[in-house]
Amino acid sequence: MAVLVIPVLAAGIFFFLIGVIGLLRLPDAYSRMHATTKCDTLGAGLILFALMLYAGFTPAGFKLLLLIVFIWLTNPTAAHVIARAAYRSNDVPFCEGSFSLDRTEGGGRQ
Amino acid sequence: MLDKILIATAVVLTMATFLCLFRAAAGPTASDRVVSINVIGTKTVVIIALVSLVFHQEFFLDVALVYALISFVATIGVAKYMEKGALE
């Protein structure tokens, strides 16, 4: 069992640390969001999947499966809502050198 | 042996949480802080699940589920407040 659990746990920690490095180092809020959604879905998903392997076919394993499904449903939704709110509130700047391909009216405010 | 690896995972995630806390304190805009708090919430859910399996307390998993739910609702609420300037 340890042969299966440890690599999956290590991959999950890797993605979490990548997400944190992106959150600290990337230049503006949108690219930070891009880094942290990976950390949310892949990092949390892989660590909880490792715990599911560790727990086996028990009620705890079923609850962990529920937790994975719930996190995979809610975290991309939350990131989308934050990004939309940041874009529409018009006070979150883009980083230097970024440009918009949005040619609709009101888009491309950069 | 696996228990110790799970504890080490929880410790690493806690350190990553403190790094996220730096961005939550220093983030230039409100949405940086919201993103950072969202990540901290996800990490907390994972840490609660790890602690639950280490100490063999299965009801902690219910706590993790409820924490994920409340974190999601809080994020949606704050995002709506940022977009409209009011909660309607």
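The values are calculated or read from the model by the stated rules, or taken from the named source; none is laboratory data. All values derive from a computational prediction rather than experimental measurement. Here the Cβ positions follow ideal geometry from the backbone for every residue, glycine too, while neighbour counts run over all protein chains shown. Only protein heavy atoms, including side chains, enter the accessible area calculation; ligands, DNA and RNA are left aside. Shrake-Rupley method; radii C 1.70, N 1.55, O 1.52, S 1.80 Å.
Axis angle, to the nearest 10 degrees, between helix A:44-55 and the longest C-alpha principal axis of chain A: 10 degrees. When all protein chains stay in place and ligands, DNA and RNA are ignored, the 1.4 Å accessible-area order of B:Met1, A:Met1, largest first, is B:Met1, A:Met1. The 3J(HN,Hα) values that the Karplus relation (6.51, -1.76, 1.60; θ = phi - 60°) gives for the stretch A:71-79 are, in residue order, 5, 5, 6, 8, 5, x, 5, 5, 5 Hz. Gly and Pro appear as x. Among rounded, prolate and oblate, which fits chain B when a ≥ b ≥ c are the square roots of the eigenvalues of its C-alpha gyration tensor, a/c under 1.5 means rounded, and a/b larger than b/c means prolate? Oblate.
To the nearest ten degrees, helix B:59-84 and the longest principal axis of the Cα atoms of chain B are 10 degrees apart. Figure note: B:Thr9, B:Thr17 ranked by solvent-accessible area, largest first, 1.4 Å probe, ligands and nucleic acids not counted: B:Thr17, B:Thr9. Put A:Cys95, A:Cys39 in order of accessible area, highest first, and with a 1.4 Å probe you get A:Cys95, A:Cys39. Under the definition of Cα pairs under 8 Å and six or more residues apart, what whole-number percent is the relative contact order of chain A? Relative contact order for chain A comes out at 25 percent.
If r is the Cβ-Cβ distance from B:Tyr81 to B:Phe22 and R0 is 25 Å, what FRET efficiency results, to the nearest 0.05? Result of the calculation: an efficiency of 0.60. Taking all protein chains together and rolling a 1.4 Å probe, B:Glu58 ends up with roughly 80 Å² accessible.
Please identify, among B:Ile70, B:Ile48, B:Ile37, the residue showing maximal mean-square fluctuation in a Gaussian network model of chain B using a 10 angstrom Cα cutoff. Per the Cα network of chain B with a 10 Å cutoff, B:Ile70 tops the list. Using 14 Å as the cut-off for backbone N distance, which residues of the stretch A:32-68 belong to the label zone defined by a point 7 Å from the Cα of B:His56 along Cα→Cβ? Label zone hits: A:55. Taking a ≥ b ≥ c as the square roots of the eigenvalues of the Cα gyration tensor, an a/c ratio of 1.5 or more together with a/b no larger than b/c marks the stretch A:1-72 as oblate.
Probing with 1.4 Å while keeping every protein chain in the model, the per residue accessible area of the stretch B:2-84 equals 48 Å². Computed from backbone phi with θ = phi - 60° and the Karplus coefficients 6.51, -1.76 and 1.60, the 3J(HN,Hα) list for the stretch A:7-13 is x, 5, 4, 5, 5, x, 5 Hz; x is used for glycine and proline.
Evaluating 6.51 cos²θ - 1.76 cosθ + 1.60 at θ = phi - 60° for every residue in the stretch A:19-33, the Karplus couplings come out as x, 5, 4, x, 5, 7, 9, 6, x, 10, 5, 5, 6, 5, 4 Hz, glycine and proline recorded as x. For the chain pair B and A, the interface hides roughly 3800 square angstrom of accessible area in total, found with a 1.4 Å probe.
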